[in-house]
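Novice: Quick one: structure below, then a few questions.
The values are calculated or read from the model by the stated rules, or taken from the named source; none is laboratory data. What you see is a predicted model; the values in this text were computed from it and never measured. Note that each Cβ is placed from the backbone with ideal geometry, even for glycine, and that neighbours are counted across all protein chains shown. Accessible surface is based on the protein model in full, side chains and every heavy atom, while ligands, DNA and RNA are left aside. Shrake-Rupley method; radii C 1.70, N 1.55, O 1.52, S 1.80 Å.
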Amino acid sequence: MPGMAKPPPPTTLDHKLADPIPIPPPKPFQPRLRHPSSRKTIYDRNLSRTQTTPTSLPAFAYLFHVLITHHHSLSGSVSDIETRLNRAGYPLGIKLLDLLLYRQQTASQRPATRPTRIVELLQFIHTTLWRALWGRTADALEQSTTKRNEYMIVDNEPVVNTYISIPREMSQLNCAAFVAGIVEGVCDAAGFGMEGVTAHWASAQGEAKMEGKEVEEMWPGKTIFLLRFSEEAVGREEAIKANGG
C-alpha cells in the first residue's frame, strides 16, 4: 500500500550445530532390598504357611513408635493424628483379606468365599483377623441398640496402646486408630461400604484421662472399635433377610 514501508527481509541464522553431547547409558538397576545369606527374601516365602514364631514385640513397639512420631510431626491436632494413623492401616486391611482367605482355603482344601453378610464379616474380623494380628480373638462383638448400622468390636488390651505414653494435653488420642484403619480396609475389600471405623476409649480410665484424673482399673487401655456401615450395605442386608437369605 502507498505510504507504508516495506518490511525488512527475514534474517536467517547461518551457524553450524555443535557436536551433540552423548547421553550416558543408564546404570543397571540395583535393588536396595538386602538379601540374607540364604539369598531368599520375604517374597520367597510360601503364602499358605502361617507364621510359626511370633513377631518380636520390642521390634513392633519400636516401629510403631516411629510411625506415631512421624505422623505427630506432620499433624496439628489429635484428630489429624488419628486420621493419619487410620490411613496408614487401611492398605494393610485391603491386602490382609485376600491373604487370610487364601490361607483358609489352603488349610481346609476347600474354596474360601468372602463374607457376604454383615455378621459373617464381623465374626471374621473378631476371630480370624484378630488372631492373625495379635494371636488371640477380640474380647467382645456387639451391635448398637440405637443405630442399625453401627457395630462394636471390643479389645480390652490393644497391643498398640500398651507401650504408648500419651501426654495429658493429648489425652483423647487413641493410637488404636491404626487398627481401625486395618478393619476398615478389610470391610471395603469385602464389598461392604463403610462410613468409617473409629477407635474410642471405653474404660473409666480412658474417660478419666480426658478429665485429667487418675483411676485404677483392670483394663486401662480398653478400646471400642466402632464400625459404621453405609446405608447401601445395611439395605442389602435387610433385602437378603427379606428374601429368606
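Novice: To the nearest whole percent, what portion of all C-alpha pairs in the stretch 66-175 is separated by more than 16 angstrom?
Specialist: Tail of the P(r) past 16 Å holds 70 percent of the pairs.
Novice: Also, I was wondering about something else. Contour minus end-to-end for His65 and Ile164, with contour as 0.36 nm per residue of separation and end-to-end as the Cα-Cα distance?
Specialist: 34.9 nm
Novice: Between Lys241 and Ala107, what is the label-point separation in nm under the 7 Å Cα-to-beta-carbon projection?
Specialist: A separation of 3.0 nm, rounded to one decimal place.
Novice: How large is ³J(HN,Hα), in whole Hz, for each residue of the stretch 118-126 in order, when computed from phi with the Karplus curve 6.51 cos²θ - 1.76 cosθ + 1.60 and θ = phi - 60°, using x for Gly and Pro?
Specialist: Rounded to whole hertz, the list is 4, 5, 4, 5, 5, 5, 4, 5, 4.
Novice: Same structure again: Using r as the Cβ-Cβ distance of Arg148 and Ser37, and R0 as 41 Å, what FRET efficiency do you calculate, to the nearest 0.05?
Specialist: Here the calculated transfer efficiency is 0.15.
Novice: Ignoring ligands, DNA and RNA, what percent of the accessible area of the stretch 79-213 is carbon or sulfur (1.4 Å)?
Specialist: 48
Novice: If you don't mind, there's one more thing I want to ask. Cβ neighbours within 10 Å, averaged per peptide: list 110-122, 223-235 in order, most packed at the top.
Specialist: Result, highest mean first: 223-235, 110-122.
Novice: If amide H atoms are built 1.01 Å from N in the plane of the peptide, which residues on other chains or at least 5 residues away come under 5 Å of the amide H of Gly196?
Specialist: So Gly196 has HN proximity to Arg228.
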